[in-house]
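Data block below; observations after.
The values are calculated or read from the model by the stated rules, or taken from the named source; none is laboratory data. This one's a predicted model, so the numbers in the text were calculated from it and none came from an experiment. Positions of Cβ are generated from backbone atoms using ideal geometry, with glycine treated the same way; all protein chains shown enter the neighbour counts. To get the accessible areas, we keep the full protein, side chains included, count just its heavy atoms, and leave off ligands, DNA and RNA. Shrake-Rupley method; radii C 1.70, N 1.55, O 1.52, S 1.80 Å.
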Amino acid sequence: MTAPTAPALDTERADLLETLGTHRAFLRFTVRGLTDEQATRRTTVSALTLAGLVKHVAATEATWADFAVRGPAAFADTTPEVWAQEWVLEPGETLADVLARYEQVAARTDELVRTIDLDRTHPLPEAPWFTPGATRSARRVFLHLVAETAQHAGHADILRESLDGQKTMG
């Protein structure tokens, strides 16, 4: 007896998964082979660190994926203090920890990309950076995650090159 196969993905979902996967791989590549000390070192005038970027991207992806399912309640616990902690490793937390968390978050997001109604829409929470009354579809959430991941992978590439000259591309 053969195992059942998953239904084929439509082009849009396959493209979203491939693009998210590509930019996640760029981000993970920038921290390959680093020690925790290297991953938490500031290498530019920015306060950004490589480990902090990975941790932030994982937290952001988790929250937005949750928004695609639950709507604005996903942002209920997001305070300035919580947001600030997304950028730094806690005592005892390692780069391996944040990479493992990122893999878990990515797996959940990928499952949502495969299964959720991409037209499912929720109102955005009140915030100065959102237009009052604006909504986001699951599709737009996933497109936002592509942009967020790509932007921070670029930041990470600069930080890594400043650390030891390694480049993701080129």
Worksheet entry | Filter result for residue 20 (farther than 23 Å from residue 140 by Cβ, open to solvent by less than 50 Å² (accessible area, probe 1.4 Å), touching a Leu at 6+ places or on another chain (Cβ under 7 Å) and hydrophobic (A, V, I, L, M, F, W, C)) | no
Discussion item. Can you tell me which condition residue 33 does not meet? The list is (1) farther than 24 Å from residue 163 by Cβ; (2) at pLDDT 95 or above, and all the others hold.
Written reply: (1)
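Any residue that is closer than 18 Å to residue 100 by Cα, modelled with pLDDT of 95 or more and surrounded by 13 or more Cβ atoms within 10 Å (Cβ to Cβ) - is there at least one of those in region 8-17?
no
Please work out which residue is surrounded by the most Cβ atoms within 10 Å (Cβ to Cβ), limiting yourself to region 82-97 and to residues that are of a type in the set (A, V, I, L, M, F, W, C) and assigned to a loop (DSSP other than H, G, I, E, B).
The extreme case among them is 89.
Would you confirm, using the coordinates I've provided, whether residue 47 is small (Gly, Ala, Ser), touching a residue at least 40 places away in the same chain (Cβ under 8 Å), more than 16 Å from residue 27 (Cβ to Cβ) and open to solvent by 50 Å² or more (accessible area, probe 1.4 Å)?
Working: small (Gly, Ala, Ser): yes; touching a residue at least 40 places away in the same chain (Cβ under 8 Å): yes; more than 16 Å from residue 27 (Cβ to Cβ): yes; open to solvent by 50 Å² or more (accessible area, probe 1.4 Å): yes.
Yes, satisfied.
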Worksheet item: Under the condition of being without any contact (Cβ under 8 Å) to a residue 60 or more places away in the chain and of a type in the set (Val, Ile, Thr), which residue from region 75-109 is nearest to residue 24 (Cα to Cα)?
Response: 105
Worksheet item: How about region 116-143: which of its residues are open to solvent by less than 80 Å² (accessible area, probe 1.4 Å) and within 24 Å of residue 22 (Cβ to Cβ)?
Response: 116, 118, 136, 137, 138, 139, 141, 142
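Could you please find all residues in region 56-81 being in a helix (DSSP H, G or I) and open to solvent by 70 Å² or more (accessible area, probe 1.4 Å)? Break it down into steps so the answer makes sense when it comes.
Filtering region 56-81 down to residues in a helix (DSSP H, G or I) leaves 56-75, 80-81.
Across region 56-81, the qualifying residues are 70, 80, 81.
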Worksheet item: Taking into account only those residues within region 37-55 that are in contact with a helix residue (DSSP H, G or I) (Cβ under 7 Å, 6 or more places away or on another chain) and in a helix (DSSP H, G or I), which is farthest from residue 102 (Cα to Cα)?
Response: 38
